[in-house]
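Here the structure comes first, spelled out in structure tokens, and everything after it is commentary.
The values are calculated or read from the model by the stated rules, or taken from the named source; none is laboratory data. Since the model is a prediction, treat every value here as computed from it, not as a measurement. Every residue, glycine as well, gets a Cβ built from its backbone with ideal geometry; the counts of neighbours run over all protein chains shown.
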Amino acid sequence: MNVTFEATRELARRTVSDVRHPDLDPYTLDAIWVLYDRVLRVDPQRLRDPARDRFLLSKGHGPSAYYAVLAAKGFIPAAWLDTIAHLESPLGSHPDATLVPGVEISSGSLGHGLPLGVGVALGLRATGFHDARVFVLVGDAELDEGSNHEAMAFAGTAGLSNLNVVVADNGSASLGWPGGIASRFDVHGWSSATADMTDHDALHRAFTTAHPDRPHVTVATTRP
Ligand SMILES: [Mg+2]
């Protein structure tokens, strides 16, 4: 299956009513779609290719958009979308890397994705896969978790240029980030960009901004 963005949005709608957080609109669909449609070098026929790019969904409590894109791009059957969170379904309320083809990490405990992404980026660098990139999608609220701060500081200092973060910013953080989200990455030596979550060309430009010798963050903004 390889379908359009509009068709993929319809796929996402098939999952929303059954997930644990039914009030969550799959607003991350635009960012995940642009990554899989235009940016990531991944192939459902070569799931374990060591040179592949890695996408890590840190905000695993909102998997609808992710599952829809995985179906649209041929990683999982679209029929699975109708079974989400059923007892026998591979698609849980949080993604399970042992059950869902193409899912790189099991996630849902917030604040884990970025530290894991740092480790994957280090591993790729250490093993010589210099063209493989890591993209981690985090929510703005999960940046309240302290584990992110340590990962950001380390990645900036280590110059992890193969690491990319996408912050899905819907203004939901309890604590917030004085100075703005991007500035908090900037002070640790990251490259940063901001884009409207619904503007696919702007997202694509932000995701593919050159950032030699440093990691890169895209703050993708949306407002309810
Ligand atoms: Mg949020």
**Q.** Wholly enclosed helices (runs of 4 or more DSSP H) of the stretch 84-197 bearing at least 1 residues in contact (Cβ under 8 Å) with a residue 12 or more places away in the chain, more than 24 Å from residue 26 (Cβ to Cβ) and acidic (Asp, Glu)
**A.** 146-158
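Going through the stretch 199-215 one residue at a time, which ones are part of a helix (DSSP H, G or I) and surrounded by fewer than 13 Cβ atoms within 10 Å (Cβ to Cβ)? Lay out the reasoning, then the answer.
As a first pass, look at the stretch 199-215 and keep what is part of a helix (DSSP H, G or I): 200-207.
Within the stretch 199-215, just 201 meets the criteria.
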Q. If we keep just the residues of the stretch 87-103 that are out of contact with any Pro (no Cβ under 9 Å at 6 or more places or on another chain) and not hydroxyl-bearing (Ser, Thr, Tyr), which is farthest from residue 48 (Cα to Cα)?
A. 87
Q. Mind checking which residues of the stretch 187-202 are over 30 Å from residue 128 (Cβ atoms) and in contact with a Ser or Thr (Cβ under 8 Å, 6 or more places away or on another chain)?
A. 194, 195, 196, 197, 198
Q: Identify, by number, the condition in (1) of a type in the set (Phe, Trp, Tyr); (2) more than 16 Å from the ligand (Cβ to nearest atom); (3) modelled with pLDDT under 95 that residue 154 doesn't meet.
A: (3)
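Tell me yes or no: at least one residue of the stretch 72-92 is on the phi > 0 side of the Ramachandran plot and small (Gly, Ala, Ser).
First, the residues of the stretch 72-92 that are on the phi > 0 side of the Ramachandran plot: 74, 85.
Of the ones still in play, those that are also small (Gly, Ala, Ser) are 74, 85.
Yes: the stretch 72-92 contains one or more residues that are on the phi > 0 side of the Ramachandran plot and small (Gly, Ala, Ser).
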Q) Which condition number in (1) within 20 Å of residue 3 (Cβ to Cβ); (2) touching a Ser or Thr at 6+ places or on another chain (Cβ under 6 Å); (3) of a type outside the set (Val, Ile, Thr) is the one that residue 31 fails? A) (2)
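One line per residue, one yes/no per condition, for (1) of a type outside the set (Ser, Thr, Tyr); (2) more than 16 Å from the ligand (Cβ to nearest atom); (3) out of contact with any strand residue (DSSP E or B) (no Cβ under 7 Å at 6 or more places or on another chain):
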position	(1), (2), (3)
97	yes, yes, yes
101	yes, yes, yes
127	no, yes, yes
149	yes, yes, yes
198	no, no, yes
203	yes, yes, no
